[in-house]
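Colleague: There's a structure below that I have some questions on.
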Amino acid sequence: MKIIVCIKQVPDTAGGVKFNPDGTLDRAAMLTIMNPDDKAGLEAALRLKDQYGAEVTVLTMGLPKAGDTLREALAMGADNAVLVTDRCLGGADTWATSSTIAAAIREMGDYDLIITGRQAIDGDTAQVGPQIAEHLGIPQVSYAEEIVEAEEGKLVVKRQFEDRYHIIEVKTPCLITALAELATPRYMTVHGIFDAYREKEVKVWTLEELKDTVDMANIGLKGSPTNVKQSFTKQAKGKGLYYKDLSPEDAVETIVAKLEERHII
């Protein structure tokens, strides 16, 4: 079984978010982490590797420093890593991003399963995974919370759906988008970290490597049909009101009075 896991290096929002003048994220100036949903998807792939001997390749599109996130994935147990990076890819929306990643997957050749995170914490669109599947013309299962069964030629996936769940059998090759609940990621090992930096290679691809598989009209900012109109950091809420040493009865009266004062009730 050959598995491709698409991961993304995203801003660590605890360290603050910075923007370029055109409204796009200034990724080069921010602390970064591996996107949580993608990390759960990577762990699911590594468990399939442990169980069936699968080959796991991690793929990302981003700045050169996104290679650090790929090294983390290698240290967790991934076998191969590919970084797609080129100045022409900057400012890509979900359509341009998925077009480029799909081109990279075509360049890789055969695969049985593609795993992406449900969504990235910097965009929250949940569009890139399904779009990759559409570009490649393969079946997809979104919001996967459990891989129930993996057999030759098919997967059985438990999919979250509003107030219930679906059990779906899907033929491979296919794509699933992972919820954080899909798997709790393992820690890197000392041996894994050593191998990730000394023994394993992060392949770096530019548009030159993808020229035969990518549509140049669908890449980067120019190939993005959507753009960011405005970006801003979330405003902190006020401290609020604190009342101490109130009896339960007085607390209820105080809360009700405040709600009435603000015409909430």
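The values are calculated or read from the model by the stated rules, or taken from the named source; none is laboratory data. Just so you know, these numbers come straight off a predicted model, no measurement behind them. Here the Cβ is made from the backbone with ideal geometry for all residues, glycine too, and neighbour counts use every protein chain on show. Accessible surface areas use protein heavy atoms only, side chains included; no ligands, DNA or RNA. Shrake-Rupley method; radii C 1.70, N 1.55, O 1.52, S 1.80 Å.
Colleague: Report the percentage of all Cα-Cα pairs in the chain whose separation exceeds 31 Å, rounded to a whole percent.
Modeller: I get 34 percent for the Cα pairs in the chain exceeding 31 Å.
Colleague: Assign unit charges at the C-beta atoms only (+1 for Lys and Arg, -1 for Asp and Glu), then state the dipole size of the chain relative to its Cα centre in Debye, rounded to the nearest 20.
Modeller: Once rounded to the nearest 20, the dipole reads 640 debye.
Colleague: Using Cα springs under 10 Å in a Gaussian network model of the chain, which residue among Arg159, Arg106, Arg198 shows the largest mean-square fluctuation?
Modeller: Ranking Arg159, Arg106, Arg198 by mean-square fluctuation puts Arg198 first.
Colleague: Multiply the residue gap between Ala217 and Val252 by 0.36 nm, knock off their C-alpha separation, and tell me the result in nm, one decimal place.
Modeller: 6.4 nm
Colleague: Now for a different question. With a 1.4 Å probe and all protein chains kept in place, how do Asp110, Asp38 rank by accessible area, largest first?
Modeller: Descending accessible area places them as Asp110, Asp38.
Colleague: Now a separate question. Taking amide H positions as placed in the peptide plane 1.01 Å from N, state which residues far from Leu221 in sequence (5 or more) or on other chains have amide H under 5 Å from it.
Modeller: Counting only residues 5 or more places away or on other chains, the set is Gly90, Ala92.
Colleague: If you build a Gaussian network model of the chain, linking Cα atoms that sit under 10 Å apart, which residue out of Ala236, Ala178, Ala133 swings the most?
Modeller: Comparing Ala236, Ala178, Ala133 in a Gaussian network model of the chain, the most mobile one is Ala236.
Colleague: Explain nothing, just the number: relative contact order of the chain, from Cα pairs under 8 Å at least 6 residues apart, as a whole percent.
Modeller: Computed value for the chain: 24 percent relative contact order.
Colleague: Counting only heavy atoms of the protein chains, get the accessible area per residue of the chain (1.4 Å probe) and round it to a whole Å² value.
Modeller: Here the per-residue accessible area is 58 Å².
Colleague: Ordering Thr206, Thr85 by accessible area with a probe of 1.4 Å, largest first, what comes out?
Modeller: Thr206, Thr85
Colleague: Additional query: What do you reckon, how do Arg47, Arg262 stack up by accessible area (1.4 Å probe), largest on top?
Modeller: Sorted descending by solvent-accessible area, the residues read Arg262, Arg47.
Colleague: ³J(HN,Hα) across region 137-152 via Karplus (A = 6.51, B = -1.76, C = 1.60, θ = phi - 60°), whole Hz, x for Gly/Pro?
Modeller: After applying 6.51 cos²θ - 1.76 cosθ + 1.60, I find x, 10, x, 9, 10, 8, 6, 6, 10, 6, 8, 6, 8, 10, 10, 4 Hz.
Colleague: What is the Cα coordinate range of region 39-83 on the first, second and third principal axes, sorted by size from largest, in whole angstrom?
Modeller: Principal extents (largest minus smallest coordinate, Cα): 33, 17, 15 Å.
Colleague: Also, I was wondering about something else. Pull out a ≥ b ≥ c, the square roots of the eigenvalues of the alpha-carbon gyration tensor of region 186-265, then state rounded if a/c is under 1.5, prolate if not and a/b is larger than b/c, and oblate in the remaining case.
Modeller: oblate
Colleague: For a quick check: with amide H placed at 1.01 Å from N, whose amide H comes under 5 Å from Thr32's, ignoring anything fewer than 5 positions away on the same chain?
Modeller: Those qualifying (amide H under 5 Å, at least 5 residues apart or on another chain) are Asp12.
Colleague: When a/c is below 1.5 the answer is rounded, else prolate if a/b is larger than b/c, else oblate, so apply that to region 141-220 with a ≥ b ≥ c taken from the square roots of the Cα gyration tensor eigenvalues.
Modeller: Oblate is the answer for region 141-220, as a/c is 1.5 or above yet b/c matches or exceeds a/b.
Colleague: Is there a quick way to get the dipole size of region 65-119? I mean about its Cα centre, with the Cβ of Lys and Arg at +1 and of Asp and Glu at -1; what is the value in debye to the nearest 20?
Modeller: Dipole about the Cα centre, nearest 20: 200 debye.
Colleague: Lys/Arg Cβ at +1, Asp/Glu Cβ at -1, dipole of the chain taken about the Cα centre: which of Ala40, Ala54, Ser98 is farthest positive-ward?
Modeller: Ser98
Colleague: Right, next: Could you state how much accessible area Thr97 has, in square angstrom rounded to the nearest 10, with a 1.4 Å probe and all protein chains kept in place?
Modeller: 30 Å²
Colleague: Okay, next question. Quick one: how many Å² of Tyr197 are accessible to a 1.4 Å probe, rounded to 10?
Modeller: Its accessible surface works out to 130 Å², give or take rounding.
Colleague: Right, another one. Among Lys39/Lys203; Lys39/Lys200; Lys237/Lys258; Lys2/Lys222; Lys158/Lys200; Lys39/Lys158, which pairs are too far apart, with a Cα-Cα distance over 23 Å?
Modeller: Checking Cα-Cα distances, Lys2/Lys222; Lys158/Lys200 exceed 23 Å.
Colleague: Return the calculated 222 nm mean residue ellipticity for the chain, to the nearest 500 deg cm²/dmol, obtained by summing -39500 (n - 2.57) across DSSP H runs with n ≥ 4 and dividing by the residue count.
Modeller: -9000 deg cm²/dmol
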